[in-house]
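Right, one structure below, let's go through it.
The values are calculated or read from the model by the stated rules, or taken from the named source; none is laboratory data. Quantities reported herein were computed from a predicted structural model and do not represent experimental measurements. Here the Cβ positions follow ideal geometry from the backbone for every residue, glycine too, while neighbour counts run over all protein chains shown.
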Amino acid sequence: MIPNKILHILLITELILHYSSGQRDKKFFRKDYKYLEDTESFYKIHVIARSWQAARDTCKLEGASLFYPADEGEANTITKMWTNDLISVQIFIGISSLLGNRVFVTIDGLSISDVYHKWLKGEPNNLGGNENCVVIKRDGSLNDCSCSLPHNFICKKTLASLEWNSACNFPNTDYTYSETLNRCYKFHLTPKNWNEAYATCIAEQSFLAVIENQAEADYFVKLIREAPKHTVQVNYSRGTVFLGFHNIDGEYWKTVNGAALEGIGYSKWGYFYGDDNEKCGSMFYNGELNKMGCHHKSFFICEYDKFTNMTIEPNEIVY
């Protein structure tokens, strides 16, 4: 006899596959991604230039990957698309030689010889000895370049890889739906500073969580208690998790959605000490609110409201 726990896992997996298949039929991933029938993939042009590593991480946070052309057909399709929308003459692609001296591979480990590799004449030349990343130009040619020099980039999600969280009605399958609160949440076990936590939630189409009532505070306490915090080996601020409120502008404590903290229904502060430089909001493990320096590293909770979807587009992701 199969144990009930395993049966439950199998059922959840089957439901995810079932709803993911249905979502693939709708050909929808995220509202900020465009689907192209020719490549059976979704794409998003990022108009804010970033380093290669930041571009790769941004795509990953969005549930996608840094684009590279699989073949000449995709190279022609995408260069035509981005040259219509960007003034940039070149963009980063998901190919680099960071893991091996002048051995260029894709972000998923394929040799560049197995994908599109039309190099510009005389390239790659490793000018200056630090050109370990790759850009594609308007004419479709590739060139090696510095990974730290910011460029525009494109994120890609294939239709075949699309999964769907039916309870939350969006792609992130690692969010948990609360029937009591009628919202979805994710406890992040990778400690980040407040700005990074805020940007991470935005990239996931959610927002840094805000406590609106005692029931939600109790739910967060439960999330914290059940999270495998003991597995985290890096340094972080213990005893607190970042939440979506702040006083960065020095006016008053407000939520990430602009509402005064005192007016949202929950403002149960715990005992704290510090100075006026503690501008970012957090919560003690017992559910009481706390203020702390934005630069500290801490766990955090992202929240997604499947009915109002209060996500906003950030002007800049902090790295």
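See the values below:
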item	result
Any pair with Cβ under 6 angstrom, 6 or more apart, that starts in region 144-162 at a residue that is part of a strand (DSSP E or B) and ends at one that is of a type in the set (A, V, I, L, M, F, W, C) and surrounded by fewer than 22 Cβ atoms within 10 Å (Cβ to Cβ)	HIS151/ALA49; ASN152/ALA49; ASN152/LEU86; ILE154/ILE45
Some residue of region 92-114 being outside any loop (DSSP other than H, G, I, E, B), among the charged types (D, E, K, R), modelled with pLDDT under 95 and more than 25 Å from the chain's Cα centre (by Cα)	no
Hits in region 171-199 (condition: farther than 26 Å from CYS280 by Cβ and part of a strand (DSSP E or B))	TYR177
Verdict on TYR219 being over 20 Å from HIS295 (Cα atoms), in a helix (DSSP H, G or I) and in contact with a Ser or Thr (Cβ under 9 Å, 6 or more places away or on another chain)	yes
